[in-house]
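Below is one structure, written out as structure tokens; comments come after it.
The values are calculated or read from the model by the stated rules, or taken from the named source; none is laboratory data. Here the structure is a predicted model, which is why all the values come from computation and not from measurement. Here the Cβ positions follow ideal geometry from the backbone for every residue, glycine too, while neighbour counts run over all protein chains shown. Only protein heavy atoms, including side chains, enter the accessible area calculation; ligands, DNA and RNA are left aside. Shrake-Rupley method; radii C 1.70, N 1.55, O 1.52, S 1.80 Å.
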Amino acid sequence: MTRPPTAAQRRVIDAADPVTGRLKGTEAQLAALVRHGLAFRHARPPHDHFLTPAGHRLRDAEPVPPAPETPSASGVFTARIGGEEDPPAAGPARVREVHSAWQGLLELRRMTNPDGATDRPCGWERAHLVQAAALALEAAGHVPAGADGRQGYRVRATPQPEAVAVREPDTAALRACSVTLEAAGWQVGEYTEPRTRDRYLLASPRRV
């Protein structure tokens, strides 16, 4: 964003739904917020507008960096992959940011998949496998592992092309992760580590 929003645009931002970021305003106001990277138009009818992570930060009076071109570009938003040393703080603001990032990713699918499909990953996700899989899990409410060894999911890169590994010590939680990734358009298989006998998932973006 190159200039602050007008007073009218700021009122629209401040009046957004506190959880979903859904916006109400004139078509001109909403279109301007989309141009500035502070809002996006949902792909499905009734095509409502929602705040992007940058829009949420502006409403919360935090500094707004230039709007990213993708849901997690430029370090603006990073999905929880599990086991981070310095993870983002949990709470309502994080829930909103994750929700907006996931909605933004669905919109990116609609705009970049040749047939406009939102039920399978797009090119950005294939180039950012770990972040894409982690966002699907975090957006669905799965708990990432903590740096202190607390149980939760961990998403990691693998030597295999277009595949990530998802580990979760709890068997039921691991299978729930599999269900979530399949619903998000990933092909998922469950395997056993030969040395440790631990179960894990291998997930790849579905193409058709």
task = Work from the charge dipole of segment 94-208 (Cβ charges, +1 for Lys and Arg, -1 for Asp and Glu, about the Cα centre) and give the residue of Gly116, Gln103, Pro161 farthest towards its positive end.
result = Pro161
Per residue solvent-accessible surface (Å²) - the chain, probe of 1.4 Å = 52
ask   = Hey, of (i) 17.4, 51; (ii) 18.0, 62; (iii) 16.4, 53, which did the structure itself give for Rg and Dmax of the Cα atoms in Å when calculated?
value = (ii)
inquiry  = Ignoring GluC sites (Glu not before Pro) that are buried or in helix or strand per DSSP, and keeping those with at most 16 other beta carbon atoms within 10 Å, what is the longest stretch of the chain between them?
reply    = 86-161
Two-site FRET efficiency, Arg41 against Arg195, from Cβ-Cβ distance with R₀ of 41 Å, rounded to 0.05 = 0.25
ask   = Taking K and R as +1 and D and E as -1, what net charge do the other residues with C-beta under 15 Å from the C-beta of Glu193 add up to?
value = +3
The chain: most fluctuating residue of Thr26, Thr171, Thr196 per GNM, C-alpha cutoff 10 Å = Thr196
request  = Tell me the label-point distance for the pair Arg206, Asp17, using the 7 Å Cα-to-Cβ offset, in nm and rounded to one decimal.
outcome  = 2.6
note = Using alpha-carbon coordinates alone, the radius of gyration and Dmax of segment 117-208 in Å work out to 12.5, 40
